[in-house]
1. According to the Cα gyration tensor, what semi-axes, each the square root of 5 times an eigenvalue, does the equivalent ellipsoid of chain B have, listed from largest to smallest in whole Å?
2. Assuming a viscosity of 0.890 mPa s and a temperature of 25 °C, what translational diffusion coefficient in µm² per second does Stokes-Einstein assign to region A:159-212, Rh being the Kirkwood radius over Cα pairs?
3. Provide a whole-number value for the mean count of partner chain Cβ atoms within 10 Å of the Cβ atoms in peptide A:120-127.
4. Using only the alpha-carbon atoms, how far is helix B:119-131 inclined from the longest principal axis of chain B? Give it as 0 to 90 degrees, nearest 10.
5. Sort out for me the Cα centre separation of region A:147-183 from region B:99-165, rounded to whole Å.
6. Hey, got the average number of other protein chain Cβ atoms within 10 angstrom for residues in A:91-101?
7. For chain B, find the longest principal axis of its Cα atoms and tell me its angle to the long axis of helix B:22-58, 0 to 90°, nearest 10.
8. From the mean inverse distance of alpha carbon pairs (Kirkwood) and the Cα radius of gyration, derive Rg over Rh for the protein assembly as shown.
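Each reported figure results from applying straightforward, stated rules to the coordinates on display, with no laboratory input. Since the structure is predicted, the reported quantities are computational estimates derived from the model, not experimental observations. Methodologically, a virtual Cβ is constructed for each residue, glycine included, from the backbone with ideal geometry; neighbour enumeration extends over all protein chains shown.
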């Protein structure tokens, strides 16, 4: 068995034992001495759908940034897909991020490029051959319901459509994990539910979905695992949970 | 194969970035063009000034006279009549020794040319210049008899003093004529040009780098969001950086070509204007031909433009890569 195969096997064993995402006693303290997350322990199994809820400043965004290795934990261990993120070198981060899809509240699309170019971009950077990109982009655009709008400029799309483009870009490389940071935050209820249906479908196909949200209605209707955070600490973690209001 | 396709992709993105960020590109091109234009004008002026000084230096010469039976040094030595002063025979050079001295002078590094003039030639030249073709009428013998001399031209006028001392130490040499003030004025002018050139080029370069790095930094800060998106979807530093670097180099190239074209036409026009409207000036001063100015200016401006674009983009983007 080659070294690479051995590492892969070890990772799979780790994922089976501790989950696709595993945080052990993780704290993140900013330079001002403020603890954004304080000694949290979380394990997320492959294929789970998890809501992260909490008020502003509860540590939700820091949690997502730690998973993306945008931030390094001050103490504790962060494992994603069996990889210890503390041991990742700067040059290894791009390859690691390609296994994770990410969508944001503000969509973060390249506004000077059209729908096709925005989605193709995620494949272009991992050097997928052009003919494959030409096949993959229409397929993923059809999945998110934008098959007819591939030529449209980003500015010409509604908020819901822009978030679908962001989802298509996040999914085109078939990530194992999808991180969604308030993906419905800027959408009206109809579009928000459209996005939630898509996320549910993606999750049903085996992708682990972690969604940060403030939307109580969505959390309470979806009946998924809910992790509630307050002041950097996990205050509840329930299967089929509900959005608990703060006192 | 994939690497080549990626290379073409980032090159294409570099070109497209210029179009996508038209205003920023225009501002950057204008900044680089303005700085290189000033540098070009300054170089053209300095190069011409130096050329004129160099031409003037070429005309500066030292004349070396030798002891002879006929020379007039008895007056310089305080004798009233030639007969009162007896030359030491060993100081009068033979024809062979004169040739030998000529070769010794020509072999010196600061000497560009040595011309021997016999006393006959000297009288003919002098006579024709001052009295016309009938200069010999009324003279029984050559009044410049014994004035055989070497006219020594220098490649470096600042060495004139040293050469004069060396010549005076040759026993057969009676007198060395040299215009010290011309030599010192010209070498002073040369030194002044060198100092001014260094100072102005350093100031212009510093201003250029400051302006250009600010423009590039502003442009990249505007597109910080775009860089963040690239990093989130897993783009390597090469993929993020390359289009910006290519964009920077293209902007630098454009910023260099524009002032070069402008300067070419301006220089050409200025030369033709001077030649036609100031004919007196053009007969006195010899300006550098356009090909000679641009043989230096073109590669320097292109390299500076591309270099500024390259380093400006590389240094400005570095701090945005750690996302």
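1. Working: eigenvalues 908, 87, 46 Å².
Equivalent-ellipsoid dimensions as semi-axes: 67, 21, 15 Å.
2. On the way: Rh = 11.1 Å.
The calculation lands on 221 µm²/s.
3. Details: counts 0, 5, 6, 1, 8, 12, 7, 8.
Across the residues of A:120-127, the mean count of other-chain Cβ atoms within 10 Å is 6.
4. Once rounded, the angle reads 80 degrees.
5. Here the answer is 91 Å between Cα centres.
6. Details: counts 3, 0, 6, 11, 2, 1, 5, 3, 1, 3, 2.
Per residue, the average neighbour count from other chains is 3.
7. Compared with the principal axis, the helix lies near 10 degrees.
8. On the way: Rg = 41.8 Å, Rh = 31.3 Å.
Taking Rg over the Kirkwood Rh, I get 1.33.
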